[in-house]
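Each value in this text was obtained by applying a stated rule to the coordinates, not by laboratory testing. All values derive from a computational prediction rather than experimental measurement. In this analysis, Cβ positions are derived from the backbone assuming ideal geometry, glycine residues included, and neighbour counts consider all displayed protein chains.
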Amino acid sequence: MSKRIYDEERIEELLQQLPIVEDNRSADEIFARISKTMEDEESSNSDMSTPIVKRSKWVLPVLGSVAAVVLFIVMLPVILNNGSEMSIEKEESSEKAIFENHANLQGQSEEGFAGDQVQSFSESISKKMIVIEPLSHTINEINADEQLLVGALVNDSFQYTIPVSKTIPKNIPLDEALNSFIQDELSNMSIYSADFWKNITFEQLNEHTMEVNLFGEQSMLINNEKSVEVAFISMLKEMMLPIGISELKFSHNETAGIEFSKMGYVESLIIEREQKIYYLTEGEHKYLVPIPTTASDLQSAFQQMLTDDDNKQLYSPFLNGIQVESVELNDKHIQIQLMNTNDLVNNEESIYMIEAILLTAKSYGYDTVQFENLPFNQYGPYNVSQPITVPYSANRL
């Protein structure tokens, strides 16, 4: 224990042994009172015409000492309190210095001046704070200098087709872009059959007509089962309708028409919008898959989407437990009320469900969809608190 601390404790102990004097007056008031008493005594002695008695020389020093003691007792709590406050302020000042020192160290670590351990800790915290926003899987916007390009794949059993899409510069001829697309990109997607596009080229005849040219003996189309021919036509429809092509012309070795082994001779085909519902493929990379439906209205179509298609090994885009309560139709706009959505979070699965609903509504001829009873207003790029415009196409590359 330091001498300073010992002296302070000893002084406090001695002071506690003094008699307790309670006086709320200030030192100035006490001194003024004593002075006035002395003046009154002198005045009284003068008025009585008695011989003046000379005061002893020790009176004033004694009175001064008494006043000093009283003043010290009065000021003692203030002194002790100030000392305590100074001690607290000193401690707070030390803590503040430590905190500022730590903050400076952290700032230096962010600037690359601290040690490897501090920098590693900072990077670890930063990585944990990164939240990946789920992205859209559809083409929702096309700039003025762009155009839509759609290709198609088929599964190995030829049960369904998968449209894939992207945007390209508008100054590229559409038929040239299609020829490059099917040969350079679609043929490399080996998990699906790409043999359909062997020896096939496209030539755009006018704004709404595309010619499909077959060269050589394309055994995939001419000498195969009917399911293969149906899949080929389905792929062409998925590719052409979104880009504004409504009629296809066929030619084989520069001769009009193609003689299919099952469908027979086909020279042209009018492409019309078909009502379809959308499912999901399995696997790490999912695709939105359109399947033709006989559902007479949109609510029936959504109800059909609630269950998996086991025959095609396709899965419902609706998350477990979610139901369609109602669908209200108004011209080109629909309002869909969902149930059991409390656990619907902002993730990729929710985005797939929203986009499957939008694409299904599009196939029935609707332009906008309003979602009701969702726990959040924002899911990925979609603000579900307001009507959402249906996408241009599915499965953006």
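If R0 is 22 Å, what FRET efficiency do you get for Met339 and Asn383 from their C-beta distance, rounded to 0.05?
It comes out at approximately 0.55.
Which chymotrypsin sites (Phe, Trp or Tyr not before Pro) in segment 243-277 sit in a loop by DSSP (not H, G, I, E or B) and have at most 15 other Cβ atoms within 10 Å of their own Cβ?
none
Provide the gained length on full extension for the span Ala144 to Asp310, in nm with one decimal, where the gain is 0.36 nm per separating residue minus the Cα-Cα distance.
Extra length available between Ala144 and Asp310 comes to 55.6 nm.
What whole number of Å gives the distance from the Cα centroid of segment 345-396 to the Cα centroid of segment 278-310?
15 Å
Note down the nm distance, to one decimal, between modelled labels 7 Å out along Cα→Cβ at Leu269 and at Ser136.
Label at Leu269, label at Ser136, 2.9 nm between them.
Taking other Cβ within 10 Å of each residue's Cβ, how do Ile351, Ile11, Ile277 sort, fewest first?
Least to most surrounded, the residues fall as Ile11, Ile351, Ile277.
Going by C-beta contacts inside 10 Å, put Glu282, Glu203 in order with the fewest on the left.
Ranked by crowding around the Cβ, least crowded first: Glu282, Glu203.
Under the rule a/c < 1.5 gives rounded, and otherwise a/b versus b/c splits prolate from oblate, where does segment 284-394 land using the Cα gyration tensor?
rounded
Based on the Cβ-Cβ distance of Ser296 and Leu319, what FRET efficiency does E = 1/(1 + (r/R0)^6) give at R0 = 35 Å, to the nearest 0.05?
0.85
Hey, can you rank 326-332, 341-347 by average C-beta count inside 10 Å, highest first?
Highest mean packing first, the order is 341-347, 326-332.
Assign one of three labels to segment 205-284, namely rounded, prolate or oblate, based on the Cα gyration tensor with a ≥ b ≥ c the square roots of its eigenvalues; rounded applies when a/c is under 1.5, prolate when it is not and a/b is larger than b/c, and oblate otherwise.
oblate
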